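Data first, discussion second: the structure below is written as structure tokens.
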Amino acid sequence: MTAARVLIAEDDRSLRTVMGRALTSQGLSVDETGDGRDALERLAAGAFDVAIVDIRMPSLSGLDLLARVRELADPPHVIVITAQNTMSNAIDAMKGGAYEYLTKPFDID
């Protein structure tokens, strides 16, 4: 059985590293990027099961990325994370098809 594939798209390198290590320790296959457009290219090119995306990223926001991911032939579940916890962001994420919406800081467990 192959490990589930997760893409972490988070511009904060330290948070990206912590999440990646935590998920890898659980047996998941993890790819990481700090850029929204790079995340979209990776998601379009490969079969990911889950994408964890920050709302604020260079070149393409997490909410814009979420909208584009929905257009893929086999879109992954998308978990939106943000330090910009507003009702508007939460509503936009859920309306956009986010599987989950988490605010930073969050418990890695």
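With runs of 4+ DSSP H residues as the only contributors, calculate the mean residue ellipticity of the chain at 222 nm using -39,500 (n - 2.57) per run, divided by the residue total and rounded to the nearest 500.
Estimated from H runs of four or more residues: -11000 deg cm²/dmol.
Could you give me the ³J(HN,Hα) list for the range 6-16, computed from phi with Karplus coefficients 6.51, -1.76, 1.60 and θ = phi - 60°, whole Hz, x at Gly and Pro?
Each residue's phi maps through the Karplus curve to give 10, 10, 9, 10, 9, 7, 7, 4, 5, 5, 4 Hz.
What part of the accessible area of the chain, given as a whole %, is carbon or sulfur when the probe is 1.4 angstrom? Walk me through the numbers on the way to the answer.
Values: 3120 of 6270 Å².
Its accessible area is 50 percent carbon and sulfur atoms.
List every residue whose amide H lies under 5 Å from the amide H of V30, counting only residues 5 or more places away in sequence or on a different chain, with H placed 1.01 Å from N in the peptide plane.
Amide H to amide H, under 5 Å and 5 or more residues apart or across chains, V30 pairs with V6.
Rounded to whole Hz and in sequence order, give me ³J(HN,Hα) for the range 43-50 from the Karplus expression 6.51 cos²θ - 1.76 cosθ + 1.60, θ = phi - 60°, writing x for Gly and Pro.
So the J values, rounded to whole Hz, are 5, 5, 8, x, 8, 9, 8, 9.
Counting only C-alpha contacts under 8 Å and six or more residues apart, can you give the relative contact order of the chain as a whole percent? Mind showing how you got there, number by number?
Working: 193 pairs, mean separation 26.1, N = 109.
Dividing the mean separation by the residue count of the chain yields 24 percent.
Using θ = phi - 60° and the Karplus relation 6.51 cos²θ - 1.76 cosθ + 1.60, list the HN-Hα couplings for the range 93-103 in order, rounded to whole Hz, with x at every Gly or Pro.
Per-residue couplings from phi come out as 5, 5, 5, x, x, 4, 6, 8, 10, 10, 9 Hz.
Averaged per residue, what accessible area in Å² does the chain show with a 1.4 Å probe, protein chains only? Don't skip to the answer; put the middle values down first.
Details: 6270 Å² over 109 residues.
It amounts to 58 Å² per residue over the chain.
Once label points are set 7 Å from the Cα along Cα→Cβ at both D31 and I91, what is their separation, rounded to one decimal in nm?
So the label points at D31 and I91 sit 3.4 nm apart.
Rounded, prolate or oblate: which fits the range 1-82 when a ≥ b ≥ c are the square roots of the eigenvalues of the alpha-carbon gyration tensor, with rounded for a/c under 1.5 and prolate only if a/b beats b/c?
It is oblate, given that a/c is not under 1.5 and a/b is not larger than b/c.
Would you pull out the residues with amide H under 5 Å of I52's amide H, same chain only if 5 or more places away, H placed 1.01 Å from N?
Under 5 Å from the amide H of I52: L7, I8, A9, I79.
Once amide H atoms are built 1.01 Å from N in the peptide plane, which residues 5 or more positions from L102, or in another chain, come under 5 Å H to H?
Hits under the 5 Å cutoff: V80, I81, T82.
Determine the gain in length on full extension of the stretch R21-Y99; use 0.36 nm per residue of separation and subtract their C-alpha separation, reporting nm with one decimal.
Values: separation 78, 0.36 × 78 = 28.08 nm, distance 2.17 nm.
Computed gain between R21 and Y99 is 25.9 nm.
The values are calculated or read from the model by the stated rules, or taken from the named source; none is laboratory data. In this text the structure is predicted, and so the values were computed from the model without any measurement. Cβ: placed from backbone, ideal geometry, glycine included. Neighbour counts: every protein chain shown. Quick note on the areas: whole protein, heavy atoms, side chains included, nothing else; ligands and nucleic acids left out. Shrake-Rupley method; radii C 1.70, N 1.55, O 1.52, S 1.80 Å.
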